[in-house]
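Heads up: the structure comes next, in structure tokens.
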Amino acid sequence: MTAYWCELAWLGGGEAERGVLIDVDGERIAAVTSGVPAPLSGAVRLDGLTLPGLANAHSHAFQRALRGRTQHGTGSFWTWREQMYRAAERIDPDTYLALARATYAEMALAGVTTVGEFHYLHHGPDGTPYDDPNAMGNALIQAAAEAGIRITLIDACYLHGGIDRPPEGAQVRFSDGTAEAWAERVGALANDSVRIGAAIHSIRAVDPESARVVAGWARTGGRPLHAHVSEQPAENKACVEAYGGTPTAVLADADALDADFTAVHATHLTDADVDLLGGAGACCCICPTTERDLADGIGAMRQLLDAGASMSLGSDSHAVIDTFEEARAVELDERLATGERGRHPAVELLRAATGRGHASLGWANAGRIEPGARADLVAVGLDSVRLAGTDARTALESVVFAAAAADVRHVLVDGRTVVEDGRHTALDVPRELDDAIRAVMG
Ligand SMILES: [Zn+2]
């Protein structure tokens, strides 16, 4: 049993509590006591504001190698995608292990305790499976373990290069040929210490009948199901022309929408799409720093929440890894789009970053500081230039609207200290990132 005394801690209410003692027994929180004015002897002192673990609900780890390299010149999502495919062509299981480990360690430093890895880089460069057909997925699972964070491997079915087009170029690495072959491969993944989720990559890459197979596989196994949905207007147009409905409508027809479904991006939705996702109680994973970077647009998160959907957050392409930046961007981008302030209170954004994010990855007992929950704690220092002067009564607003990943001082995952005084306990993260990215990109 280890006791942590938090100067301030967020226990799910509208304000941070002062003087919170958290008893941790192994991997779980055993007890939470508020109003303890000073640290007990023997308790580990956590200054600043302690939050539950953050969930990064949408990641493509290999895209960390693109940071900065795709920021010059002009273009669109579609020209960026060509650059992304060139990086994807260069990765093998060994280089992917190193790159993903460093990327997940960067996430740990930012307070992320669980990553949802949306994984489609499955096979060898010419599309031939590796001797272990899950070599790439297993590299990602190993990477998360070595970086000290939890993973839900969301293995994505990817069959077509576009509607009615075979995979080409790097896309041949993504495809299993059929949804049934995808299910057989994913069924062989180990599933004891990690969660295995399913994904329909997108309606561009999975036809409606195959989407139904993937959705059925996920529901039968009680697994989270994710899909990229309406990230770009061109995707909607092609889908309507081919199938007579929007991607959301096609997914609804394929019986994919329920409370275990997460629509990633959900940027360009019709009112009917919003009603379908809200009515199903689905989650929408917003990735604002990537959506900005790719000129995708601004989604209608307030409308989705009001309709009954929930929200999670992801750093997706890792243009930036900073969950505070993703959280405030949901509110700040909507302010620009609507001319209104205060559409998403700080507490709502924190819930998306913690408990809701974990739920969308299949970890219902993580992302909350309460007895029985997984012992994930993230202590945010309030003494940096960004946060100096924070008032305890508005500490949640200060952190959501002004903190940076660099303000994370201490991170506990399943009761184990992964970040101490702002440093990763096992890895030299900047050096590992530098080595891993140069090994892939030259
Ligand atoms: Zn994505």
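Here, each number is a calculation from the coordinates, and none is a lab measurement. Computed from a prediction, not measured in an experiment: that's the story for all the values here. Cβ atoms come from the backbone with ideal geometry, glycine included; neighbour counts cover every protein chain shown.
Would you work out which of I91, A65, A256 lies farthest towards the positive end of the dipole of segment 56-360, given +1 charges on the beta-carbon of Lys and Arg and -1 on that of Asp and Glu, about the Cα centre?
Going by the Cα projections, it comes out as A65.
Nearest 20 debye, what's the magnitude of the dipole of the chain about its Cα centre given +1 on Lys and Arg Cβ and -1 on Asp and Glu Cβ? Intermediate results must be reported in sequence, preceding the final value.
Numbers: 37 positive and 62 negative charges, 118 e Å.
Dipole about the Cα centre, nearest 20: 560 debye.
What number comes out for the charge environment of D47, summing +1 per Lys or Arg and -1 per Asp or Glu over other residues with Cβ under 11 Å away?
Neighbour charge sum, excluding D47 itself: -1.
Sorting H58, H424, H268 on the 10 Å Cβ count, fewest up front, what's the list? Numbers along the way, then the final one.
Working: H58 30, H424 19, H268 22.
Ordered from fewest to most neighbouring Cβ atoms within 10 Å, H58, H424, H268 come out as H424, H268, H58.
Going by Cα centres, segment 133-183 and segment 207-249 are how many Å apart?
17
Using a cut-off of under 13 Å, list every residue of segment 139-181 whose amide N is near the label point 7 Å from the Cα of A439 along the Cα-to-beta-carbon line.
Those under the cut-off are 139-140, 143.
Name the residues of segment 250-266 whose amide N is less than 19 Å from a point 7 angstrom out from the Cα of R219 along the C-beta direction?
Counting only backbone N, you get 250-264.
Using a cut-off of under 16 Å, list every residue of segment 322-356 whose amide N is near the label point 7 Å from the Cα of D391 along the Cα-to-beta-carbon line.
Answer for segment 322-356: 346.
Pairs of Cα atoms under 8 Å, at least six residues apart: use those to get the relative contact order of segment 44-152, whole percent.
36 percent.
Along segment 177-187, what does the Karplus equation 6.51 cos²θ - 1.76 cosθ + 1.60 (θ = phi - 60°) give for ³J(HN,Hα), rounded to whole Hz, x for Gly and Pro?
x, 9, 5, 5, 5, 4, 5, 5, 5, 5, x
Hey, any idea what the orientation-averaged projected area of the convex hull of the chain's Cα atoms comes to, in nm²?
If you wrap the Cα atoms of the chain in a convex hull and average its projections, you get 19.9 nm².
Tell me, what HN-Hα J-couplings in whole Hz come from the Karplus equation 6.51 cos²θ - 1.76 cosθ + 1.60 at θ = phi - 60° for each residue of segment 323-330, using x for Gly and Pro?
5, 5, 5, 5, 5, 5, 5, 4
Between D47 and E180, what is 0.36 nm times their sequence separation minus the Cα-Cα distance? Round to one decimal in nm.
The span from D47 to E180 would gain 42.7 nm if fully extended.
Report the equivalent ellipsoid semi-axes for segment 300-342 in whole Å, largest first, defined as the square roots of five times the eigenvalues of the gyration tensor built from alpha carbon atoms.
On the way: eigenvalues 77, 40, 12 Å².
Ellipsoid half-lengths, sorted descending, are 20, 14, 8 Å.
Just want the ordering: S175, S193, from fewest to most Cβ atoms lying within 10 Å of their own Cβ.
S193, S175
Translational diffusion coefficient of segment 1-72 at 25 °C, 0.890 mPa s, Stokes-Einstein with Kirkwood Rh over Cα pairs, in µm²/s as a whole number. Mind showing how you got there, number by number?
Working: Rh = 14.5 Å.
Translational D for this selection: 169 µm²/s.
Using +1 at the C-beta of Lys and Arg and -1 at the C-beta of Asp and Glu, which of P247, A346, T50 has the Cα lying farthest in the positive direction of the dipole of the chain?
Positive-end residue among those listed: T50.
Roughly speaking, what is the stretch gain from E27 to A402, that is 0.36 nm per residue apart minus the C-alpha to C-alpha distance, in nm to one decimal?
Extra length from E27 to A402 when fully extended: 131.9 nm.
Give me the one-decimal nm value for the distance between modelled label points at L189 and T74, 7 Å along each residue's Cα-to-Cβ direction.
Computed distance between label sites L189 and T74 equals 4.0 nm.
Excluding G127 itself, what net charge comes from residues whose Cβ is under 12 Å from its Cβ, given Lys and Arg +1 and Asp and Glu -1?
Residues close to G127 contribute a combined charge of -3.
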